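This report concerns only the one structure given below.
The values are calculated or read from the model by the stated rules, or taken from the named source; none is laboratory data. These numbers were taken from a predicted model, which means no experiment stands behind them. Note that each Cβ is placed from the backbone with ideal geometry, even for glycine, and that neighbours are counted across all protein chains shown.
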């Protein structure tokens with residue numbers, strides 16, 4: 001019986017004490033230390049090589065979903081060195097649709113080595129998809145210190161898959 | 001000494017009033033644990049900006065909105081009147097004030113994300129201890145539960161990340177709605193156990209919490225869960241008050257009127273949709289309708305409407321410009337029961353100004369009562385018309401969703417995300433077992449009395465479900481509603497009715513263990529299989545939604561077929577119970593995926609371990 005009681009109060013005590021100790025009143029430990037926000041877009045990156053995919057897909061929805069989903073494979077980037085927090089922008093443009101999309105990656109020294117830059121999916125309404133393929137252009141741009149530098153660029157075919 | 005006795009008695013009484021018994025409390029706490037585990041501390045719908053801004057304004061002592069604490073002052077549901085901007089649902093805003101102050105207090109002594117984890121951990125431990133006492137496993141609950149809770153708490157603390165800035169007003173609103181949502185399960189338990197025993201009541205509670213999207217909507221500050229809770233509470237009050245020999249029978253009846261009046265303070269049109277069926281059923285089945293009784297009930301009702309009156313007076317500035325519901329701008333397909341609010345000029349009633357003041361009050365009161373009623377009738381008529389002329393729309397709302405081009409066009413590029421009522425709650429398929437009762441209903445209409453075994457609470461719930469559906473069906477389906485949230489209250493209502501149907505109830509009573517097993521297996525094993533399938537098929541969110549939809553419909557089809565057969569034979573009851581559990585699992589899995597993954601709202605999960613889980617799941 002006494003063991004039980006000790007356990008109950010022990011657990012409640014653990015929860016309450018941890019909360020109070022990490023709170024602003026006691027402040028003995030800071031569990032949510034917010035590392036000071038770094039200056040994004042400042043620094044530099046050395047890219048050894050980058051390879052972009054040659055084909056992206058626009059797939060019709062299954063199971064009764066109507067939207068087409070645009071999926072672009074990752075770009076493989078070999079990063080030799082990073083300084084500061086430069087930005088890596090992976091961008092797709094489809095001129096004939098007047099469409100552009102990009103996903104921004106915040107690089108840090110942890111990303112040195114091979115890095116897979118992804119582009120998040122997008123969806124198109126079905127009545128706007130009326131070709132079997134679209135010509136697009138992919139670009140990988142490094143942005144740092146208020147200037148942009150194109151690291152790699154290529155044309156891409158966006159295939160429509162019904 | 002006497003005071004202490006009275007306090008104990010009062011505490012016992014309020015405990016029984018709120019939860020009924022220990023199982024009721026257990027359902028309440030268990031639901032709350034689930035809702036808070038799926039809680040995301042961010043805005044899901046931009047309508048919520050309106051209410052959060054309203055709470056921020058009221059907390060500062062203003063009723064009008066001056067500057068947006070969140071989003072903008074043009075979010076849907078914002079009201080314009082006399083040059084000022086107002087929020088809506090003032091009832092929940094006022095109810096959230098104490099929670100807001102409590103959150104402020106917590107923030108003073110604790111780090112907020114850690115405090116949320118601590119709150120949830122203590123809640124879970126409390127639930128476990130209570131369950132241990134209820135099921136005679138106290139030692140296991142204390143020691144085993146304690147170790148698990150401590151471990152989970154530490155795990156969460158290790159993973160905790162800062163929330164900044166803390167959307168305190170939103171959190172207060174979410175907690176209030178989650179509490180209301182937790183009462184939905186408890187009330188389902190109490191309502192069903194009132195007529196069919198506690199075992200069936202518990203199955204009903206599980207079906208309501210796990211078999212409908214309740215857990216998804218509980219932490220969204222929208223009226224839907226509140227409406228559901230009030231509907232079930234009123235049904236319980238009705239059931240309780242029909243037996244005049246009971247203690248508190250009359251008080252229970254009065255409580256129904258109070259609840260509906262208070263619901264009007266939160267959302268007047270929906271309160272009216274509930275009020276009309278309630279009055280019809282209440283007056284026609286009450287043991288006593290003497291003038292004194294009705295007078296007291298009317299008085300209580302008016303008294304409970306005072307907060308609504310006061311709010312309206314504060315907004316329109318004139319006590320005579322009364323209980324009209326606000327004109328809502330940019331409300332989408334929301335219902336409104338007023339036409340144009342004539343440019344805020346209360347003297348537009350022109351020629352009545354010469355009359356004595358009390359007559360004018362009477363006229364305006366009568367007008368404001370009649371106008372919404374005719375509007376409501378119009379909405380119901382429109383619903384019936386839409387059912388007749390466009391049954392496909394109803395089919396697309398209630399049965400099978402999929403992509404609908406003109407609906408998508410109206411939504412202007414919002415990603416599609418919508419499940420029908422049946423797809424999101426396949427357990428509702430059991431209601432087809434009622435079809436054989438139609439003959440009995442026809443006969444009873446001829447006799448002008450309720451059929452055998454149908455209580456006044458059942459009649460109220462059935463009428464309310466029909467009324468709610470008819471009012472909204474004309475403007476549905478919509479493109480991105482997750483589940484048809486306007487019709488959400490219909491789901492728990494129909495569950496409570498379905499489990500009361502004799503063939504369904506018979507199977508649940510005999511095979512409740514099968515229900516629990518198949519539900520658990522469905523969630524724990526089936527949920528993982530669904531995850532594997534979704535990852536392997538590499539689905540987008542819209543496809544994932546439709547995958548859940550097809551799965552839910554398949555289970556609904558099987559369960560519905562069994563329900564039809566169950567009327568004739570009890571041979572397949574065990575299979576039916578297993579299907580019932582699977583239907584619950586289908587909803588639970590969908591709600592879990594939706595809350596954790598599809599609508600993670602940028603990793604805003606209140607529990608760090610759930611956020612980590614969401615990050616680990618390779619779904620886009």
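The table below gives the values:
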| read-out | value |
| --- | --- |
| Every residue from segment B:126-178 that is away from chain A (no Cβ under 12 Å), surrounded by fewer than 17 Cβ atoms within 10 Å (Cβ to Cβ) and under 25 Å from residue A:17 (Cβ atoms) | B:155 |
| Segment A:8-65, residues that are more than 30 Å from residue A:129 (Cα to Cα) and in contact with a strand residue (DSSP E or B) (Cβ under 6 Å, 6 or more places away or on another chain) | A:38, A:40, A:41, A:42, A:43, A:44, A:45, A:46, A:47, A:48, A:49, A:50 |
| Hey, residue B:122 at pLDDT 95 or above and under 16 Å from residue B:37 (Cα atoms) or not | yes |
| In segment A:123-162, the residues that are without any contact (Cβ under 8 Å) to a residue 60 or more places away in the chain and within 12 Å of residue A:56 (Cα to Cα) | A:133, A:135, A:137, A:155 |
| Condition broken by residue A:124, with the remaining ones in (1) under 21 Å from the mean Cα position of the chain (by Cα); (2) closer than 19 Å to residue A:75 by Cβ satisfied | (2) |
| Selection status of residue B:46, touching a strand residue (DSSP E or B) at 6+ places or on another chain (Cβ under 6 Å) and within 30 Å of residue B:480 (Cα to Cα) | no |
| Scan of segment B:372-406 for residues that are outside any helix (DSSP H, G or I), touching a helix residue (DSSP H, G or I) at 6+ places or on another chain (Cβ under 9 Å) and more than 10 Å from chain A (Cβ to nearest Cβ), ordered by number | B:399 |
| Every residue from segment B:51-66 that is free of Cβ contacts under 8 Å to residues at least 60 places away in the same chain, assigned to a helix (DSSP H, G or I) and out of contact with any strand residue (DSSP E or B) (no Cβ under 6 Å at 6 or more places or on another chain) | B:54, B:58 |
| Residue match in segment B:407-427 (condition: away from chain A (no Cβ under 14 Å), at pLDDT below 80, touching a strand residue (DSSP E or B) at 6+ places or on another chain (Cβ under 9 Å) and on the phi < 0 side of the Ramachandran plot) | no |
| Segment B:94-125: number of residues that are within 11 Å of another protein chain (Cβ to nearest Cβ) and surrounded by 15 or more Cβ atoms within 10 Å (Cβ to Cβ) | 18 |
| Test: residue in segment B:257-273 that is more than 26 Å from residue B:310 (Cβ to Cβ) and within 21 Å of the chain's Cα centre (by Cα) | no |
| Test: residue in segment B:79-89 that is part of a loop (DSSP other than H, G, I, E, B), more than 14 Å from chain A (Cβ to nearest Cβ) and surrounded by fewer than 22 Cβ atoms within 10 Å (Cβ to Cβ) | yes |
| Matching helices (runs of 4 or more DSSP H) fully within segment B:509-579 where at least 3 residues are in contact with a strand residue (DSSP E or B) (Cβ under 9 Å, 6 or more places away or on another chain) | B:541-566 |
| Hits in segment A:58-87 - residues which are in a strand (DSSP E or B) and either over 19 Å from residue A:162 (Cβ atoms) or away from chain B (no Cβ under 14 Å) (or both) | A:75, A:76, A:77, A:78, A:79, A:80, A:81, A:82, A:83, A:84, A:85, A:87 |
| Selection status of residue B:143, in contact (Cβ under 8 Å) with a residue 40 or more places away in the chain and assigned to a helix (DSSP H, G or I) | no |
| Residue in segment B:90-105 that is under 24 Å from the mean Cα position of the chain (by Cα) and part of a loop (DSSP other than H, G, I, E, B) present | no |
| Any strands (runs of 3 or more DSSP E) falling wholly within segment A:88-136 and containing at least 2 residues that are within 14 Å of chain B (Cβ to nearest Cβ), at pLDDT 85 or above and surrounded by 15 or more Cβ atoms within 10 Å (Cβ to Cβ) | A:99-106, A:122-124 |
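Results for (1) buried (at least 19 other Cβ atoms within 10 Å of the Cβ); (2) under 25 Å from residue A:120 (Cβ atoms), shown as yes or no for each residue.
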{"position": "B:569", "(1), (2)": "no, no"}
{"position": "B:573", "(1), (2)": "yes, no"}
{"position": "B:578", "(1), (2)": "yes, no"}
{"position": "B:584", "(1), (2)": "yes, no"}
{"position": "B:590", "(1), (2)": "yes, yes"}
{"position": "B:594", "(1), (2)": "yes, yes"}
{"position": "B:602", "(1), (2)": "no, yes"}
{"position": "B:606", "(1), (2)": "yes, yes"}
{"position": "B:613", "(1), (2)": "no, yes"}
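Here's the yes/no breakdown for (1) within 23 Å of residue A:154 (Cα to Cα); (2) buried (at least 20 other Cβ atoms within 10 Å of the Cβ); (3) assigned by TED's automatic domain parsing to the domain that holds residue A:133:
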| residue | (1), (2), (3) |
| --- | --- |
| A:21 | no, no, no |
| A:24 | no, no, no |
| A:29 | no, no, no |
| A:57 | yes, no, yes |
| A:60 | no, no, yes |
| A:63 | no, no, yes |
| A:67 | no, yes, yes |
| A:71 | yes, no, yes |
| A:84 | no, no, yes |
